[in-house]
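The values are calculated or read from the model by the stated rules, or taken from the named source; none is laboratory data. Predicted model only: the values in this text are computed from it and were never measured. Every residue, glycine as well, gets a Cβ built from its backbone with ideal geometry; the counts of neighbours run over all protein chains shown.
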Amino acid sequence: MPVNQTEETKQCPHCNGLILLEAIKCKHCRRFLATEGSGRPIAPSNAEWAAGPITETRKREHQTRSRFSAAGQAATPSKGRRSRRAYAIGLAALATLLVITLAVSAFLSHRTHKADQTAQADLRSAAADASTVYFYSDLLRPQSRSFSRADASGLTELRRTPSIIVIEGESPSVMFVNGETPSVADPVTVSVAAASDTWAAARLSASGKCFLIRTDDTTRTTYGMTSTASCTGATALRLATSGSWP
């Protein structure tokens with residue numbers, strides 16, 4: 001629509017071209033006339049747009065305003081979308097923490113179980129050595145056989161024999177101590193108490209559990225557990241009464 005002197009007009013501050021009074025963009029230099037604090041051009045509201053005459057210039061101005069509004073909405077994520085993203089990130093972090101916790105727990109459980117198995121294997125091996133000492137204590141007179149020589153020194157001497165049988169899972173180097181001395185896990189010691197017709201031993205596991213074993217001249221073997229403070233062969237003579245370890 002051509003602009004003439006009879007209409008309400010104004011001059012563009014950029015190129016001095018004659019434009020409509022309500023125009024927000026110069027049709028000559030294509031520059032916006034004024035901006036708000038956000039930097040966007042001043043445009044009429046929807047109500048003002050509906051009330052004014054529909055001209056080609058106003059149509060183009062309305063399209064420009066619509067493009068600015070759509071671009072702003074696309075650049076800013078909605079509040080609900082941000083909340084869902086934060087929830088997903090938090091859930092992933094929680095799942096990762098749970099996996100790590102389960103892995104550490106499984107590792108510690110396996111290590112504890114392995115330490116207990118080693119302690120039990122050491123006691124079984126020591127009991128087998130004690131039975132060997134008992135059998136060879138008097139080959140000609142079985143009624144005179146005794147466990148008395150299967151004490152700490154006797155088992156240590158027997159372990160020096162090259163043909164000694166090694167039980168699978170036992171510690172490569174075990175030291176034996178007398179029945180009143182508590183067993184320790186590092187270095188590995190087995191507390192041994194030997195009498196004529198009964199033999200017993202205690203072994204402290206790296207997990208903190210104390211395992212007990214006892215055997216007698218009838219070849220009957222019994223088991224037990226006790227506290228760390230009383231992890232001795234003397235205690236095993238009294239408390240190793242169960243058919244298996246708990």
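Key figures for this structure:
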{"quantity": "Out of 201, 195, sole residue that is touching a helix residue (DSSP H, G or I) at 6+ places or on another chain (Cβ under 9 Å), within 20 Å of residue 245 (Cα to Cα) and touching a residue at least 24 places away in the same chain (Cβ under 8 Å)", "calculated": "201"}
{"quantity": "Residues of the range 110-165 satisfying the condition of being hydrophobic (A, V, I, L, M, F, W, C) and under 15 Å from residue 203 (Cβ atoms)", "calculated": "115, 119, 121, 123, 126, 127, 128, 130, 152, 155"}
{"quantity": "Qualifying residue in the range 229-238 (condition: in the same structural domain as residue 155 (by TED's automatic domain parsing), surrounded by fewer than 20 Cβ atoms within 10 Å (Cβ to Cβ) and part of a loop (DSSP other than H, G, I, E, B))", "calculated": "no"}
{"quantity": "Entirely in the range 172-219, the strands (runs of 3 or more DSSP E) that have 3 or more residues that are under 35 Å from the mean Cα position of the chain (by Cα)", "calculated": "198-204, 210-216"}
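Conditions (1) assigned to a helix (DSSP H, G or I); (2) of a type in the set (D, E, K, R); (3) under 27 Å from residue 218 (Cα atoms), marked per residue:
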{"site": "102", "(1), (2), (3)": "yes, no, no"}
{"site": "108", "(1), (2), (3)": "yes, no, no"}
{"site": "113", "(1), (2), (3)": "yes, no, no"}
{"site": "124", "(1), (2), (3)": "yes, yes, yes"}
{"site": "131", "(1), (2), (3)": "yes, no, yes"}
{"site": "135", "(1), (2), (3)": "yes, no, yes"}
{"site": "139", "(1), (2), (3)": "no, no, yes"}
{"site": "143", "(1), (2), (3)": "yes, no, yes"}
{"site": "148", "(1), (2), (3)": "no, no, yes"}
